[in-house]
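Take a look at the structure set out below.
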Amino acid sequence: MKHKLINEMKLVFLSDSRNESFARSAVTAFVSQLDPHTGELADIRTAVSEAVTNCIIHGYRGTVGRVTVDTKLYADRSVRIRVSDKGRGIEDIEKAKEPLFTTDDSGERGGMGFAIMETFSDRMTVASRLGHGTTVTMYKRLQ
């Protein structure tokens, strides 16, 4: 049975690292309509932060593109957050999801983004096509 959609929003912004905090703040403010616990909001903030950072750092690799964050709230107190880019894409999703794997050669990234997103979501899917971008969809059911 499909749950009733009660509200949705979509953000589109440039792949500038300054927009990462904007995205996580906007999504958590939006999700606040469901009156989540503080820990649930912290989980969502962290997951969104990781997903947006991945788009900026790995998807666009220093180039400018658009990041889209689409958030839906459902009557059963579940949240769906979809973060996508039209960047480089991921060659091997399963490899990219392995803890400590990173394509960042600077040594500044720890390769924990997908592991963190999975930990703070009830379910997560990743779809990607080389040269066309990546979409991460995270689901969270609030208490």
Å³ per residue of the Cα convex hull, for the chain? 107 Å³
At a Förster radius of 30 Å, what calculated FRET efficiency corresponds to the Cβ-Cβ distance of M112 and R18, to the nearest 0.05? 0.85
What does the extension gain come out to for D92 and S78, with contour length at 0.36 nm per residue minus their alpha carbon separation? 2.1 nm
From DSSP H assignment alone, runs of 4+ in the chain each adding -39500 (n - 2.57), the sum over residues rounded to the nearest 500 puts [θ] at 222 nm at -8500 deg cm²/dmol
Only sites in a loop by DSSP and with at most 12 other Cβ atoms within 10 Å count here; which GluC sites (Glu not before Pro) in the range 17-84 make the cut? none
Accessible area, 1.4 Å probe, largest first: how do E94, E118 sort? E94, E118
Could you calculate the FRET efficiency of Q33 with A127 from 1/(1 + (r/R0)^6), where r is the beta carbon distance between them and R0 is 30 Å, rounded to 0.05? 0.65
Nearest-ten-degree value, helix 38-54 long axis tilted from longest Cα axis of the chain: 30 degrees
Give me the extension gain from R61 to T46: residue separation times 0.36 nm, minus the current Cα-Cα distance, reported in nm with one decimal. 3.3 nm
Give a residue-ordered list of calculated ³J(HN,Hα) values for the range 114-122 (Karplus: 6.51 cos²θ - 1.76 cosθ + 1.60, θ = phi - 60°; whole Hz; x for Gly, Pro). 5, 4, 5, 4, 5, 5, 8, 10, 7
Using a cut-off of 11 Å between beta-carbons, work out the net charge of the residues near R88 (Lys and Arg +1, Asp and Glu -1, R88 not included). +1
Using the Kirkwood radius over Cα pairs of the range 24-79, the Stokes-Einstein translational diffusion coefficient at 20 °C and 1.002 mPa s, in µm²/s and rounded to a whole number, is 174 µm²/s
In degrees from 0 to 90, rounded to the nearest 10, what is the angle of the helix 19-31 Cα long axis to the longest principal axis of the chain? 20 degrees
With DSSP loop assignment and no more than 14 other C-beta atoms within 10 Å, the trypsin sites (Lys or Arg not before Pro) in the range 7-91 are R18, R61
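The values are calculated or read from the model by the stated rules, or taken from the named source; none is laboratory data. Quick caveat, the model's predicted, so the values are computed rather than measured. Counting neighbours? That spans all protein chains shown, and the Cβs are built from the backbone with ideal geometry, glycine included. Areas reflect the complete protein model, heavy atoms only, side chains present, ligands, DNA and RNA absent. Shrake-Rupley method; radii C 1.70, N 1.55, O 1.52, S 1.80 Å.
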